[in-house]
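Comments concern the structure below.
The values are calculated or read from the model by the stated rules, or taken from the named source; none is laboratory data. What you see is a predicted model; the values in this text were computed from it and never measured. Please note: Cβ atoms are built from the backbone with ideal geometry, for glycine as well, and neighbour counts cover all protein chains shown. SASA here: full protein model, heavy atoms, side chains in, ligands and nucleic acids out. Shrake-Rupley method; radii C 1.70, N 1.55, O 1.52, S 1.80 Å.
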Amino acid sequence: MSLNSFGHLFRVTTWGESHGPALGATVDGCPPNVPVDAAQLQHWLDKRKPGQNKFTTQRREPDEVEILSGVFEGKSTGTPIQLMIRNTDQRSKDYGNISETFRPGHADITYWQKYGIRDYRGGGRSSARETAARVAAGGIARAAIKTLAPTVEITGYMTQIGPHKIDRSKFDWDQIDQNEFWTPDAQAAKDWADYLDDIRKAHNSVGAVIEVVAKGVPAGLGAPIYGKLDTDLAAAMMSINAVKGVEIGEGMNAALLMGSENADEIFMGNDGHPVYSSNHAGGILGGISTGQDVVVRFAVKPTSSILTPRQSITKSGEPIEVVTKGRHDPCVGIRAVPVGEAMMACVILDHLLLHRGQIGENQGKIG
């Protein structure tokens, strides 16, 4: 299996399986002298780890990250950084009954068709457990961004679960870390708790929408045509397990707007920098950052591992009814929030390095 890496100058390769001894990431291209330590990375991993509440899988993994190379005396050396997270709470026996069966909604059937072999224990490489490695790598990216562009802040949050959306008039940044759904709407968090509890007890699952915002991104990141910042962001978010749709700024809603509504008007600010009347573009024009907030949104499908019986087939083509046992999230969107943040960090850092390498400082002056 190839193509386990993403990024250009800041390049991340993830490895490992859900029920193997460990998983991790090799991070290549981190600049030297960036302060890095395991505790710093652990902060982000703790946001993603399973078993924190009744709305996430009850698999108990500490997700403790080990730094094996590339860091000396608390700073990156510029050489590849090897990160490892050991698996400690596998229950592979839960999956023995699906070794010859394809679970509906999973990658079981496509992995088998393509490779002729699959690790059926928790989905193996296709498991969302792989995202722990991404979050660890994202922690490295955040540390480097703090050194190169300290104004940048990356925050993710849930805006919708099933048909239930947040009330944006009640948007409160301080609420995001105060509830189990990473949502900025306190009332929505209360309503969602009851809704998801009913879904969970019915042995079912539901999808969600996550929004990730990068504030303080300098203007000029990205390049026209094939090097667009939004192209790489869309690819990064779409690569996350269970993601089925990605939007930048207004996204699909832009199709409902008139040109006079969608075009963000430009004015000169008192500080001598351009300011915009709105941000329908999501902070990116022509593939290049404008200096506004970069806004990405992605939709996560309902968890395919459910106790509700579904029809499928076996390897021999026989019909079979499938009930997926094991420990699974009733809504994977909750733990996708820190994953989306990590992917945003990796892409922003990659484009910061690309910009620095080709352009240095922005060439066009205004005013």
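The single condition among (1) in contact (Cβ under 8 Å) with a residue 24 or more places away in the chain; (2) surrounded by fewer than 18 Cβ atoms within 10 Å (Cβ to Cβ) that Leu221 does not satisfy is (2). Here Thr303 fulfils each of the conditions (1) more than 27 Å from Asp119 (Cα to Cα); (2) of a type in the set (S, T, N, Q); (3) crowded, with 20+ Cβ neighbours inside 10 Å apart from (1).
Taken over region 324-367, residues that are open to solvent by less than 50 Å² (accessible area, probe 1.4 Å) and either without any contact (Cβ under 8 Å) to a residue 40 or more places away in the chain or among the aromatic types (Phe, Trp, Tyr) (or both) amount to 1.
Go through region 111-157 and give me each residue that's assigned to a loop (DSSP other than H, G, I, E, B), farther than 24 Å from His328 by Cβ and either open to solvent by 30 Å² or more (accessible area, probe 1.4 Å) or basic (Lys, Arg) (or both). Selection gives Gly116, Pro150, Thr151.
Only one of the listed residues (Asp185, Asp174, Asp191) is farther than 28 Å from Gly105 by Cα, of a type in the set (Asp, Glu) and open to solvent by 60 Å² or more (accessible area, probe 1.4 Å). That residue is Asp174.
Looking only at residues of region 273-289 that are in contact with a strand residue (DSSP E or B) (Cβ under 8 Å, 6 or more places away or on another chain) and not in a loop (DSSP other than H, G, I, E, B), we find that the one that is least open to solvent (accessible area, probe 1.4 Å) is Ile284. Can you find, within region 1-22, the residue that is most open to solvent (accessible area, probe 1.4 Å) among those that are under 18 Å from Asp63 (Cα atoms) and assigned to a loop (DSSP other than H, G, I, E, B)? Within region 1-22, the match that is most open to solvent (accessible area, probe 1.4 Å) is Pro21.
Considered as a group, the residues in region 158-168 that are touching a Phe, Trp or Tyr at 6+ places or on another chain (Cβ under 9 Å) and in a strand (DSSP E or B) include one that is most open to solvent (accessible area, probe 1.4 Å), and that residue is His164. The condition of being of a type in the set (A, V, I, L, M), under 26 Å from Pro104 (Cβ atoms) and modelled with pLDDT under 95 holds for only one of Ala208, Ala242, that being Ala242.
The residue that is most open to solvent (accessible area, probe 1.4 Å), counting only those in region 224-272 that are small (Gly, Ala, Ser) and over 24 Å from Ala342 (Cα atoms), is Ser260.
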